[in-house]
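The values are calculated or read from the model by the stated rules, or taken from the named source; none is laboratory data. Here the structure is a predicted model, which means the values were calculated and not measured. Glycine also receives a Cβ, built like all others from the backbone with ideal geometry; neighbour counts cover every protein chain displayed. Remember, those area values only see protein heavy atoms, side chains included, never the ligands or the DNA or RNA. Shrake-Rupley method; radii C 1.70, N 1.55, O 1.52, S 1.80 Å.
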4 protein chains.
Amino acid sequence: MPAMSEDTLRKLALEVRNWGKWGPDDELGTLNYITPAAIARASRLVTAGKVFPLGVPLQREGPQSGTRARFNPIHTMFRDGGDRPKTPAEVEAAEGYGGSDDWIVMPLQCVTQWDSLAHIFYEGQMYNGYSADLVTSSGAAKNSIDKTSGKIAGRGVLLDVARHKGVRALEPGYAITVDDLEATARAENVQVEPGDLLLIRTGHMSRYLDKKDWRHYDLDNFPGVSVYTARWMHARQIAAVACDNYAVEVRPSEIAGFRNPFHVVAIPNMGLTLGEIFYLEDLATDCAADGRWAFLLVAPPLPVTRAVGTPINPYALK
Amino acid sequence: MPAMSEDTLRKLALEVRNWGKWGPDDELGTLNYITPAAIARASRLVTAGKVFPLGVPLQREGPQSGTRARFNPIHTMFRDGGDRPKTPAEVEAAEGYGGSDDWIVMPLQCVTQWDSLAHIFYEGQMYNGYSADLVTSSGAAKNSIDKTSGKIAGRGVLLDVARHKGVRALEPGYAITVDDLEATARAENVQVEPGDLLLIRTGHMSRYLDKKDWRHYDLDNFPGVSVYTARWMHARQIAAVACDNYAVEVRPSEIAGFRNPFHVVAIPNMGLTLGEIFYLEDLATDCAADGRWAFLLVAPPLPVTRAVGTPINPYALK
Amino acid sequence: MPAMSEDTLRKLALEVRNWGKWGPDDELGTLNYITPAAIARASRLVTAGKVFPLGVPLQREGPQSGTRARFNPIHTMFRDGGDRPKTPAEVEAAEGYGGSDDWIVMPLQCVTQWDSLAHIFYEGQMYNGYSADLVTSSGAAKNSIDKTSGKIAGRGVLLDVARHKGVRALEPGYAITVDDLEATARAENVQVEPGDLLLIRTGHMSRYLDKKDWRHYDLDNFPGVSVYTARWMHARQIAAVACDNYAVEVRPSEIAGFRNPFHVVAIPNMGLTLGEIFYLEDLATDCAADGRWAFLLVAPPLPVTRAVGTPINPYALK
Amino acid sequence: MPAMSEDTLRKLALEVRNWGKWGPDDELGTLNYITPAAIARASRLVTAGKVFPLGVPLQREGPQSGTRARFNPIHTMFRDGGDRPKTPAEVEAAEGYGGSDDWIVMPLQCVTQWDSLAHIFYEGQMYNGYSADLVTSSGAAKNSIDKTSGKIAGRGVLLDVARHKGVRALEPGYAITVDDLEATARAENVQVEPGDLLLIRTGHMSRYLDKKDWRHYDLDNFPGVSVYTARWMHARQIAAVACDNYAVEVRPSEIAGFRNPFHVVAIPNMGLTLGEIFYLEDLATDCAADGRWAFLLVAPPLPVTRAVGTPINPYALK
């Protein structure tokens, strides 16, 4: 790993680091930027009563290739129609006509999801300076996802960079710049405000949806944000950022020797909540049609204690 | 099982049956009562910017005793702080400073949850007349929970029956009547409207929260709605109903020989979506304080294909 | 599917069908051929005190590609070294120095395994005429693997067909014939006897071991037994047959329109227990070296109730 | 914790410590005592051809109460009889008549099982001096159970202490002494030899089998070996020891402040493999009937890589 890479990363990391900003015990990071007033204002954006669910289906055919401990959800039944009581005697014994029960096994980051602030370490530490040793096999003693249980609702803004650039999808490896973000916002006639939940459409997911085949979605290179947009997000006081690709940031990365430098800058240093694998197709189409790119975004995490991620089905309400 | 019980159940079931009402292919049932206009109106209720998360924590200590195929979530790590690269050589090999990944195994109805319309059968059929045989070990071919993916947002109304009756919790076995519901609404000065998502507080959960011990929450008798409230919900065109107890309805049941008669009437016949194990404490306290018992409720299901339930973390926004 | 295929399959199936042979309640099939006397005789084959474990490792890199509901085992920790009490106060609180606990999620047929007689259906029935409807989401009410709990020990015979034919591995698609089996036995100077547990080496696994890459082991075509060897196994009164390939039988199959015709003939009709993914390398090498191809085989199933397969680690003792 | 307790424990631990005895890289401990000659001799004990399976069933009703990360196995289906192709067209599309597949989720120590030498730590170390830090969320880098893959077969000896003392079951809390073990062996006219796999029957399991209810089997106090038998096992060069109780050793423990002192002495210090929850009823009855208390014991672990335990179904062959 070139020493220059480490220096570049460190400089950026320290520049946007928010440790201590919300006190030594904070575990929320930039979600603190969301205010009640902003939530109330965002709710007034719901004028048409439309709901756009942004979660991809949880099923065996999904975005995970099974490498790096991420596999698609496994879902089966405890009881099904074949188990139901059929004769009167069986109905009587069962005290009813029967029903079904099911269960699931899944990585918490296998579908549309939020990363917790315990997901990435930097030099042995998490956001706000907590030691990485606090994440053991029994889970994360700090920065776990359940701390955000009532926190992820607010004004959502969709920046459809692919559409702005006139393509179905940005090229794999394309790093979205600050200029791209600002130009897209201008074109959409929307202002990015402090506390916003920012959605960025790269078009990466569209490729796989178009061919109705998720395979390699996670392994292929993809377009995503440049590591250098971290400064802009820091300055703009973004509360969270989510993308339709696998990792928000561009792959391959722009900093040799680091696979996910934006993750390293954003999560443990800035304390920025990242969202991945967001389904933005229908929402983007609707925003393009009515020219309204801001909305109420309600994206509750499952409050899994000591967890480092959560599957979600965010609702954009317009 | 007394023949009278079956007759009673059947009479009620047929009276509220909504099969065909929204066409022969419908899989949403009473969620069809929610209109865009109602969603937009409900959003205007968000004036203070408060968020109340209604999901209980997902952890080993939870509401399930492990009987009847329901156990509490099992959560462990694939990678934790102990696995992280530590030396420069390790960091280089790992292309970064490391991170954490986790996973979960859980019944889809083990915590705060929505039942799908495939959850309960009546005489070999599901809501809208679909055969119970369509629910096999590979899941529900009809009425699965992912069909509701973008559908569960709207006006929420909390009827705090326990508080109205001046108790911390209704007695186990107490069957909440139509009169109770109407009297509570009157006292709260709130109107129940078509398409509402109705939350009913029995106080059952408060008992276990008070003693900080979930054990027997699912096994003990509990207060809940009378099976005869089904007619009222049908007439009022309620979209969904949820409770702070284990099964919405009262236990033991009012109809000898049937363990869950309200489930049988509501789910396969009326097509009513039921929500269970809702955490209503903080919301109830706030509503009592400001006298506003209606709010925007956003409760997205995880879109698990072919599933018969989903864990949720509903947000009530005021 | 050509009608001729069905006729061919049916003719063979009926010819070897053992229904009723061991009574109407039998759930063991050909395992009934193993006698105490045979077990005692087989034990006398253990003269060198050598143990050959025939199970492949249970790990993420394994023989399953993840299709058709078979994935490689997922194994993680509940407690690890990082969770251990470290200070005297922690040791005292924990009443000790700590330890580790782990768990696994796996298909029961994902590694070296026995199929139960409930694994394959023929025209709606299982072995001995039990209805396929007895296998519901709550498992197999008949022919489950735990019925064999104390039954799978006896004389093992290895027929190394690949070695006999002078190749590292038979070609994918090669169907091992009765002549091949008999010629191999003659060359090995071993007699196949009633009640034997027959191991057949095709060399298929060797290909993947040689390249240290399991991928496509289950998806590629492979050498295996011809469906027509079923008659010979029936006549010889084989108790069970196992192979180093994925399905005992050859792929693609010799009967157009049927993916696994040998399975259909052997399991539901003959009641023959099949073993798959057996690691035979070291055992084969040793047998070739000392010229002794018979041994004591002890291959206990995990007694999972209502299960249709079991992971195993069979021991061949010589 | 009394300082005296620590001293007592340490003295015993160091006295039986086998670190380095089989080289600095050893991961087998006392299993090294098993020799090929002993295996061959033990096989000659199989004269009647009887097989006694010693594994308890894997099912929801089992020995685990769900505390301390141990729950009973969870088993469901991927495919069952209800999913099978039924019409000729379905059979053709499926290329066959269908079948069943299932899967399991379980702690590796939830049923009859072997502990690996990575299961217990002593002052931050495992057997042979390996650091406890080598057991991370990705499993045990040393002393994992797969290292024993071909090692657990040999002469088994059953010491039925309960029977010798004339009781159905020893009292909970009764600590089996060296005298008890020797007196039982004398009464059984059996010699304990180096390399033996020692089975000790306390009768604890009989209590729960008698009442057909496993509940509290793991939580109640139970009879078991005294921590001071460790010296005797060390001197006798026992290869492994297993019991019909939950933890081999007596509960409550004899050393104040330590929950499992025998575990601490035996596993990380002596390198002794422990087996728990062994079903010894039928074997004990047979041994009492024919007066032969020694046999061939074949108890293969599942070779789960990096694992710290394994479910087993040991066979005692006589």
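Scanning region A:170-184 for residues being surrounded by 18 or more Cβ atoms within 10 Å (Cβ to Cβ) and of a type in the set (A, V, I, L, M) gives a total of 4. Quick check on my filter: what residues within region A:38-53 are within 15 Å of B:ALA48 (Cα to Cα) and touching a Gly at 6+ places or on another chain (Cβ under 6 Å)? The answer is A:ALA38, A:ILE39, A:ALA40, A:ALA42.
Is it fair to say B:ASP83 is open to solvent by less than 40 Å² (accessible area, probe 1.4 Å) and touching a Gly at 6+ places or on another chain (Cβ under 9 Å)? So B:ASP83 does not fit the description; no. Working only within region A:1-20, note down all residues that are exposed (fewer than 14 other Cβ atoms within 10 Å of the Cβ) and on the phi < 0 side of the Ramachandran plot. Within region A:1-20, A:PRO2, A:ALA3, A:MET4, A:ASP7, A:LYS11, A:LEU14, A:GLU15 qualify.
Could you list, in sequence order, all residues of region A:39-58 that are farther than 30 Å from A:TRP103 by Cβ, of a type outside the set (Ser, Thr, Tyr), in contact with a strand residue (DSSP E or B) (Cβ under 6 Å, 6 or more places away or on another chain) and at the interface with chain B (Cβ under 7 Å from one of its Cβ atoms)? Walk me through how you get there before you give the answer.
To start, the set of residues in region A:39-58 that are farther than 30 Å from A:TRP103 by Cβ comprises A:39-50.
Then drop every residue that is not of a type outside the set (Ser, Thr, Tyr), which leaves A:39-42, A:44-46, A:48-50.
Applying the additional criterion that residues be in contact with a strand residue (DSSP E or B) (Cβ under 6 Å, 6 or more places away or on another chain) yields A:39, A:42, A:45-46.
Hits for region A:39-58 are A:ILE39, A:VAL46.
Of the residues screened, A:LEU159 is one that is under 16 Å from the mean Cα position of the chain (by Cα), open to solvent by less than 10 Å² (accessible area, probe 1.4 Å) and at negative phi.
Whenever a residue of region D:2-17 is more than 14 Å from D:ALA256 (Cα to Cα), its partners that are crowded, with 19+ Cβ neighbours inside 10 Å and β-branched (Val, Ile, Thr), lying with C-beta atoms within less than 7 angstrom and at least six residues away or across chains, give the pairs D:LEU12/D:VAL227; D:LEU12/D:VAL265; D:ALA13/D:VAL264; D:ALA13/D:VAL265; D:VAL16/D:VAL265.
Those strands (runs of 3 or more DSSP E) of region B:85-162 in which 2 or more residues are aliphatic (A, V, I, L, M) occupy B:101-107, B:153-160.
For region B:248-271, what are the residues that are in a loop (DSSP other than H, G, I, E, B) and open to solvent by 10 Å² or more (accessible area, probe 1.4 Å)? Explain how you work it out, then say what you get.
To start, the set of residues in region B:248-271 that are in a loop (DSSP other than H, G, I, E, B) comprises B:248, B:250, B:252-260, B:271.
Selection gives B:PRO252, B:SER253, B:GLU254, B:ALA256, B:GLY257, B:ARG259, B:ASN260.
For region A:34-44, the criterion of being open to solvent by 20 Å² or more (accessible area, probe 1.4 Å), among the basic types (Lys, Arg) and either under 19 Å from A:GLY271 (Cα atoms) or in contact (Cβ under 8 Å) with a residue 60 or more places away in the chain (or both) is satisfied by at least one residue. The residue pairs whose first member lies in region B:206-220 and is open to solvent by 50 Å² or more (accessible area, probe 1.4 Å), whose second member is of a type in the set (S, T, N, Q), and whose beta carbons are closer than 8 Å, counting only pairs six or more residues apart or on different chains, are B:ARG215/B:SER65; B:HIS216/B:SER65; B:LEU219/B:SER65; B:LEU219/B:THR67. Summed over region C:89-123, the residues that are more than 7 Å from every other protein chain (Cβ to nearest Cβ) and at pLDDT 95 or above give a count of 8.
Can you find a residue that is away from chain A (no Cβ under 11 Å), among the hydrophobic types (A, V, I, L, M, F, W, C), touching a strand residue (DSSP E or B) at 6+ places or on another chain (Cβ under 7 Å) and surrounded by 21 or more Cβ atoms within 10 Å (Cβ to Cβ) anywhere in region B:127-135? The answer is no, given that none of the residues of region B:127-135 is away from chain A (no Cβ under 11 Å), among the hydrophobic types (A, V, I, L, M, F, W, C), touching a strand residue (DSSP E or B) at 6+ places or on another chain (Cβ under 7 Å) and surrounded by 21 or more Cβ atoms within 10 Å (Cβ to Cβ). Going by the conditions given, is B:ASP80 under 28 Å from A:ASN260 (Cβ atoms) and of a type in the set (Asp, Glu)? Yes; evaluated as a whole, the condition is true for this residue.
Condition check ((1) open to solvent by 20 Å² or more (accessible area, probe 1.4 Å); (2) within 21 Å of B:ARG79 (Cα to Cα); (3) touching an Asp or Glu at 6+ places or on another chain (Cβ under 7 Å)) across all residues:
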position: D:ALA89; (1), (2), (3): yes, no, no
position: D:MET106; (1), (2), (3): no, yes, no
position: D:SER116; (1), (2), (3): no, no, no
position: D:HIS119; (1), (2), (3): no, yes, no
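Evaluation of C:GLY23 against the conditions (1) buried (at least 18 other Cβ atoms within 10 Å of the Cβ); (2) of a type outside the set (Lys, Arg); (3) more than 14 Å from every other protein chain (Cβ to nearest Cβ) shows that the sole unmet condition is (1). Would it be correct to say that B:SER144 is facing chain A (nearest Cβ under 7 Å) and either within 30 Å of A:LEU296 (Cβ to Cβ) or modelled with pLDDT of 95 or more (or both)? Criteria not met by B:SER144. Residue count for region B:76-88, restricted to those that are free of Cβ contacts under 8 Å to residues at least 12 places away in the same chain and within 9 Å of chain A (Cβ to nearest Cβ): 3.
As for region B:59-72, it holds no residue that is at the interface with chain A (Cβ under 9 Å from one of its Cβ atoms), outside any loop (DSSP other than H, G, I, E, B) and surrounded by 19 or more Cβ atoms within 10 Å (Cβ to Cβ). Evaluating A:THR229 against the criteria (1) within 11 Å of another protein chain (Cβ to nearest Cβ); (2) open to solvent by less than 10 Å² (accessible area, probe 1.4 Å); (3) among the β-branched types (Val, Ile, Thr) leaves one unmet condition, (1).
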